[in-house]
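What follows is a single structure, written as structure tokens, with notes after it.
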């Protein structure tokens, strides 16, 4: 091959790599992996009061998204419940909010205690029209004061 031939081949390879990378990036942006479900547990009560704070010490924030297009879901109801500092579930540690136009949510709560052999955790339930309800849990690390988590829902 001449120097000119190699240059043309390298240009073709570079163009092929750019097209492949662009397709991969577009594919990654067009869909999100759904959030894994986790057990609801026996302490869920429907109708949690709408509020953005059930304590202080841990801030939980993120976005609610649709798995099909990774698009934010505005108006999703995010509910949470957890044990109080004594390890008992109570109404003071239940809350709900509605995601913003950009699918964002944010709430503050006390750091959940480990109890009965379970690690510290916050239960989450997310409802959005046209999507399956998601029930999951978040597991903050000891000493963590902020936790970011997107909730990705699948279509019905």
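Every number in this text was worked out from the coordinates using simple rules, so none of it is lab data. Quick caveat, the model's predicted, so the values are computed rather than measured. Cβ sites come from the backbone with ideal geometry, for glycine too, and all protein chains shown count toward neighbours.
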Using alpha carbon centroids, what distance separates the stretch 64-121 and the stretch 130-156, in Å?
7
Cα-based Rg and Dmax for the stretch 53-153, in Å, come out at 13.5, 42
Pairwise label distance in nanometres, residue 92 with residue 38, each label 7 Å out on the Cα-Cβ vector:
2.4
For the stretch 53-153, averaging the sequence separation of alpha carbon pairs under 8 Å that lie six or more residues apart and dividing by its residue count, the contact order in percent is 37
Length gained, residue 155-residue 104, 0.36 nm per residue minus C-alpha separation, equals 16.5 nm
